[in-house]
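This report concerns only the one structure given below.
The values are calculated or read from the model by the stated rules, or taken from the named source; none is laboratory data. As the structure is a computational prediction, the values presented were derived from the model and not from experiment. Neighbour counts run over all protein chains shown; Cβ positions are idealised from the backbone, glycine included. The area values use the complete protein model at the heavy-atom level, side chains included, leaving out ligands, DNA and RNA. Shrake-Rupley method; radii C 1.70, N 1.55, O 1.52, S 1.80 Å.
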Amino acid sequence: MRQPSARRRRAGCLFCLPGMAFLALFLAYPLLYNVWTSVHDVDLGQLLGGAERFTGLDNYRTVADDPAFWHSVRLSLVFTLSSLLLQFTIGFALALLFARPFPFNGLLRSLLLTAWLLPPVVSGTLFRWMLDAESGAYNALLEPVGLSHDWLTDPSTSLAGVVFANVWIGVPFNMLLLLVGLHTIDPQLHEAAAIDGASAWQRFRHITLPLMRPVSVTVLLLGLLYTFKVFDLVFVMTGGGPVDATRVLSLYVYEVFFTSFRFGEGAAAALLLLVVPLLAGVLYVRRLRREDEAPTGGAV
């Protein structure tokens with residue numbers, strides 16, 4: 001095999017320089033500075049005066065001993081898992097619906113995508129109004145049947161209200177990717193199974209579900225990466241309240257940083273916040289590699 005010349009190798013390195021500079025400036029430097037901050041005692045005065053003191057892993061121990069941190073971890077897990085379960089289930093059902101031709105299929109699909117296209121701040125503001133105790137649209141609908149409730153100011157229901165809004169945002173994304181996956185399944189498989197007497201449920205269970213497994217895992221991993229670090233939606237709807245009932249991990253990090261100005265502990269908590277998305281990212285990359293290495297047309 002002919003080796004590229006030195007001139008071509010230098011040209012290749014020059015083309016890579018802008019991308020490497022971007023990664024170094026906007027990814028590597030903030031991450032390394034955050035690591036440096038997490039092992040120093042840094043508050044607002046020390047940050048301005050440049051008198052930071054090295055503390056080793058003390059900030060990590062302080063965060064790990066804080067009950068509020070573990071409360072936020074539990075809330076983040078409940079928020080993430082419940083959102084993923086509902087988004088995926090509803091998204092799969094809608095994908096199965098839109099996989100079949102019917103009048104206004106494209107129009108309805110486009111309208112559903114509106115929820116995904118709106119910025120989370122706008123969606124959060126809309127749901128805060130709609131779930132309002134006195135003037136909310138949902139309470140106006142539920143009041144005749146006696147189910148109106150102060151959803152976002154009651155600690156027992158505020159997290160459910162935020163999950164509801166996040167599900168509304170995430171369902172179109174799930175539906176779109178799953179619909180693409182459904183279109184890759186050969187319809188002759190369903191036709192052959194129907195001729196052999198398989199019911200609709202049997203075709204779904206033994207053909208659709210196994211062939212959709214790679215797409216489903218990818219959708220769930222991407223959903224986990226996005227949902228676990230959601231900040232803006234929760235901040236706009238409840239600000240972490242009432243009584244810390246919706247203070248997920250991203251809000252905990254924000255408050256330690258910008259309310260208490262304990263930058264060292266905030267950096268340590270931010271790095272701990274990266275653990276779950278990082279593991280999900282590693283799993284996602286490994287799955288992509290396995291899909292690339294799998295034989296064409298075979299399930300992964």
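So the values come out like this:
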read-out: Positions within region 25-67 being of a type in the set (A, V, I, L, M), under 25 Å from the mean Cα position of the chain (by Cα) and under 16 Å from VAL253 (Cα atoms), in sequence order; value: LEU31, VAL35, VAL63, ALA64
read-out: Any hit, region 87-98, residues being assigned to a loop (DSSP other than H, G, I, E, B) and buried (at least 16 other Cβ atoms within 10 Å of the Cβ); value: no
read-out: Count of region 186-209 residues which are surrounded by 13 or more Cβ atoms within 10 Å (Cβ to Cβ) and within 27 Å of the chain's Cα centre (by Cα); value: 1
read-out: Residue check for SER250: more than 16 Å from the chain's Cα centre (by Cα) and among the polar types (S, T, N, Q); value: no
read-out: Test: residue in region 182-196 that is within 30 Å of VAL121 (Cα to Cα) and in contact (Cβ under 8 Å) with a residue 40 or more places away in the chain; value: no
read-out: Wholly within region 105-149, helices (runs of 4 or more DSSP H) carrying at least 1 residues that are at pLDDT 85 or above, under 25 Å from the mean Cα position of the chain (by Cα) and surrounded by 12 or more Cβ atoms within 10 Å (Cβ to Cβ); value: 105-117, 120-130
read-out: Those residues of region 221-258 which are part of a helix (DSSP H, G or I), open to solvent by 20 Å² or more (accessible area, probe 1.4 Å) and in contact with a Pro (Cβ under 7 Å, 6 or more places away or on another chain), in sequence order; value: LEU225, ASP232
read-out: Pairs where the first residue, in region 227-243, is without any contact (Cβ under 8 Å) to a residue 40 or more places away in the chain and the second is assigned to a loop (DSSP other than H, G, I, E, B) and open to solvent by 10 Å² or more (accessible area, probe 1.4 Å), C-beta under 9 Å, 6+ apart; value: GLY239/ARG247; GLY240/ARG247
